[in-house]
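Input: a single structure, listed below in structure tokens.
The values are calculated or read from the model by the stated rules, or taken from the named source; none is laboratory data. None of these values were measured; they are calculated from a predicted model. Please note: Cβ atoms are built from the backbone with ideal geometry, for glycine as well, and neighbour counts cover all protein chains shown.
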Amino acid sequence: MLRTEKLKLVYDNDKNSELYDLENDPNELHNLYFDASYSKVKNKLIKELRKEVKKYNLDQFDAQPISTENIEKYNEYISKDLNVMKMY
């Protein structure tokens, strides 16, 4: 999952993926993942998510176990409260 100030992506290799516009749909009722008008931003978010997964060796896309060391690294990154997607 990747969340920005305005958007939330839950990525599951397309099949069960979700994308929400948090400004206009804070209750996440309308999945925009397959909405063509969101395809460009969706692809940017997927690219960013893959980058983060690779950076922390989090193999979530293959549903493999994640090592404790990598979980700790990822949690450290998250705790810094970085805004990954400043472009939005």
* Structure fact -> Within the stretch 2-24, residues being in a loop (DSSP other than H, G, I, E, B), within 14 Å of the chain's Cα centre (by Cα) and at negative phi number 8
* Among the numbered criteria (1) over 14 Å from M1 (Cβ atoms); (2) at pLDDT below 60, which single criterion is violated by V84? -> (1)
* Structure fact -> Restricting the stretch 25-43 to residues that are touching a residue at least 12 places away in the same chain (Cβ under 8 Å), part of a helix (DSSP H, G or I) and of a type outside the set (V, I, T), the one farthest from K15 (Cα to Cα) turns out to be Y38
* Members of the stretch 29-81 that are under 21 Å from E18 (Cβ atoms), at pLDDT 65 or above and more than 15 Å from the chain's Cα centre (by Cα) -> L29, H30, F34, D35, A36, S37
